[in-house]
Amino acid sequence: MSFEQRLPVEFYHRVQQDVLQRMQADGDRAAVFDHPDDVAYLTGFFHHAGERPVAVHLDGSGAVLLLPELEREHAEWQEAAAELVSYPEFPGIRSPWAYLADSVAEPERLAMSESMSIGRRRQLGRLWPTATMVTTSALSEARLRKHPEEIALHAEAARITDLMIEAGIGLIRAAAEAGREFPSEAELAREVAACGTSTMYAEHRDVVVVGLLAGGLVYAGANSAKPHGLPSGYRLRPGDTFMLSLGCAVGGRYVEGERTFILGEPNRDQVRYYEAVRRAQQTGIDAIRPGLSCAESNRLCLDVLREAGLAQYLRHRQGHGIGIGMHEPPWLEDGDSTTLEAGFVVSNEPGIYVPGHAGYRISDSMLVTAEGARPFTGYPKALDDIVIDI
């Protein structure tokens, strides 16, 4: 198997035209985007973000990528879909943004990404003092609906995420069969991350390296009652509830897959908690469909847990969008009225967190389709599937 992670230049040209048309519909003719995810989405240039500005200027003439000279060769190697304009160093005797101003037409109106810092907005304002500065949502709206090429990357990331879960459970089962002590959270985290990255480098061409290539949160017992608890040296014990909250990025497109497991015969409370979350997650799958709002999907999903008498253990929403960012719009939460559409990719991850005991969360990354939604991730989640015999 040889899977190609990097998308062709033609893909980025189509993306740029899509964003430009959305801008123009709002009366914007030129925009600057500087978030690393936006830069990668528009041009295919993935980089380590730091203090040196990297930004894309987009107008009817095409895309211009501003970057430090030390990144030029890297951008060329990635075949970044833009004209490259570089500056010597940061902060520089001359502002890096001045090199961008030398290379593009002075705008009457300049749109900027919603995430751009106030400091950078001021720097652009000093470059073009007569330009009207506005904020645009054109790019964030374009990112909501995934292209077929992106969906293929998400699907491959899901396949690997399922393999990572299997690797973690395999390590625990091997310890049980050999009569050895169970692995620690940190040892499990290392095992699953190694599975994800080694699979990519063995089976893929031109791996696109991003901040989190493969890995996630691994926590057991009381530590898992913290929704974003970090792996520790705690060693799993018989009777523990534990969680593998994993994911990876293929071609810069993320997937997350999370399962809760029970080590040994579960007690009554463990069965009650787990089965309530499983019912909520299935309701969430059914609720994610075109025409329904994110807020309504969230309500339907979490009401299952409220009706089970577990409202006091809720800590978060149903889910969130996933794409070139692990967390991105839309938000499956009461405050997001966005209507779900075919092509959206979202997480479906209801959970409860019982202080001093454990957390229970099940997550699948979902593709919204014309008929409803289907999960990318597929590790089984029936009670018999998540109880590990010891």
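The values are calculated or read from the model by the stated rules, or taken from the named source; none is laboratory data. Note that the structure is a prediction, hence the values are computed from the model and not measured. We place every Cβ from the backbone using ideal geometry, glycine too, and count neighbours over all the protein chains shown.
Just need a number here: residues in the stretch 336-346 that are surrounded by 17 or more Cβ atoms within 10 Å (Cβ to Cβ) and assigned to a strand (DSSP E or B).
The qualifying residues number 2.
Hey, can you tell me all the residues within the stretch 238-251 that are assigned to a loop (DSSP other than H, G, I, E, B) and in contact with a Lys or Arg (Cβ under 9 Å, 6 or more places away or on another chain)?
Matches in the stretch 238-251: G251 only.
Out of everything in the stretch 37-51 that is within 17 Å of W77 (Cβ to Cβ) and of a type outside the set (S, T, Y), what residue ends up being modelled with the lowest pLDDT?
H48
Tell me the residue from G239, G233 that is out of contact with any helix residue (DSSP H, G or I) (no Cβ under 7 Å at 6 or more places or on another chain), touching a residue at least 24 places away in the same chain (Cβ under 8 Å) and either surrounded by fewer than 19 Cβ atoms within 10 Å (Cβ to Cβ) or outside the structural domain of E177 (by TED's automatic domain parsing) (or both), please. Let's see the steps before the verdict.
Numbers: G233 fails: out of contact with any helix residue (DSSP H, G or I) (no Cβ under 7 Å at 6 or more places or on another chain).
Result of the check over G239, G233: G239.
Among all residue pairs at least 6 apart or on different chains, which show Cβ distances below 7 Å where the first residue, located in the stretch 59-78, is in the same structural domain as V39 (by TED's automatic domain parsing) and the second is surrounded by fewer than 20 Cβ atoms within 10 Å (Cβ to Cβ) and among the basic types (K, R)?
Sorted first by the residue in the stretch 59-78, then by its partner, the pairs are D59/R29; G60/R29; P68/R52.
For the stretch 253-269, how many residues are in contact with a His (Cβ under 6 Å, 6 or more places away or on another chain) and hydrophobic (A, V, I, L, M, F, W, C)? Outline the logic, then answer.
Kept after step one, since they are in contact with a His (Cβ under 6 Å, 6 or more places away or on another chain), are these residues of the stretch 253-269: 253, 255.
From the residues that got through so far, the ones that are hydrophobic (A, V, I, L, M, F, W, C) too are 255.
Of the residues in the stretch 253-269, 1 are in contact with a His (Cβ under 6 Å, 6 or more places away or on another chain) and hydrophobic (A, V, I, L, M, F, W, C).
Test of understanding: among T135, T161, T130, which residue is in contact with a strand residue (DSSP E or B) (Cβ under 8 Å, 6 or more places away or on another chain) and closer than 30 Å to M23 by Cβ?
Working: T161 fails: closer than 30 Å to M23 by Cβ; T130 fails: in contact with a strand residue (DSSP E or B) (Cβ under 8 Å, 6 or more places away or on another chain).
None of the others qualify; the one that does is T135.
Looking at R29, R22, which is the one that is in the same structural domain as E89 (by TED's automatic domain parsing), in contact with a Lys or Arg (Cβ under 9 Å, 6 or more places away or on another chain) and not hydrophobic (A, V, I, L, M, F, W, C)?
On the way: R22 fails: in contact with a Lys or Arg (Cβ under 9 Å, 6 or more places away or on another chain).
One residue alone meets the criteria, R29.
Looking only at the stretch 299-335, count every residue that is of a type outside the set (A, V, I, L, M), part of a loop (DSSP other than H, G, I, E, B) and either out of contact with any strand residue (DSSP E or B) (no Cβ under 6 Å at 6 or more places or on another chain) or within 30 Å of V39 (Cα to Cα) (or both) and tell me the total. Explain how you work it out, then say what you get.
Residues of the stretch 299-335 of a type outside the set (A, V, I, L, M): 299, 301, 303, 306-307, 309, 312-313, 315-321, 323, 325, 327-331, 333-335.
From what is left, the residues that are part of a loop (DSSP other than H, G, I, E, B) are 309, 315-318, 323, 325, 327, 333-335.
Still in the list and also either out of contact with any strand residue (DSSP E or B) (no Cβ under 6 Å at 6 or more places or on another chain) or within 30 Å of V39 (Cα to Cα) (or both): 309, 316-318, 323, 325, 327, 333-335.
Result for the stretch 299-335: 10.
Among the residues of the stretch 115-150, write down those that are free of Cβ contacts under 8 Å to residues at least 60 places away in the same chain, assigned to a loop (DSSP other than H, G, I, E, B) and surrounded by 14 or more Cβ atoms within 10 Å (Cβ to Cβ).
W128, A131, S137
Out of the residues in the stretch 372-390 that are touching a residue at least 40 places away in the same chain (Cβ under 8 Å) and over 21 Å from L171 (Cα atoms), which is nearest to the chain's Cα centre (by Cα)?
F376
State yes or no: is C301 over 24 Å from R190 (Cβ atoms) and not polar (S, T, N, Q)? I'd like the intermediate steps shown before the answer.
Values: over 24 Å from R190 (Cβ atoms): yes; not polar (S, T, N, Q): yes.
Considered against the rule, which asks whether it is over 24 Å from R190 (Cβ atoms) and not polar (S, T, N, Q), C301 comes out as yes.
Return the only residue of G215, G170, G196 being under 30 Å from P238 (Cβ atoms), of a type outside the set (F, W, Y) and assigned to a strand (DSSP E or B). It would help to see each step written out before you state the result.
Details: G170 fails: assigned to a strand (DSSP E or B); G196 fails: assigned to a strand (DSSP E or B).
Among G215, G170, G196, only G215 is under 30 Å from P238 (Cβ atoms), of a type outside the set (F, W, Y) and assigned to a strand (DSSP E or B).
Out of (1) basic (K, R); (2) touching a Phe, Trp or Tyr at 6+ places or on another chain (Cβ under 8 Å); (3) assigned to a helix (DSSP H, G or I), the odd one out for R279 is which?
With (1) basic (K, R); (2) touching a Phe, Trp or Tyr at 6+ places or on another chain (Cβ under 8 Å); (3) assigned to a helix (DSSP H, G or I) applied to R279, the lone miss is (2).
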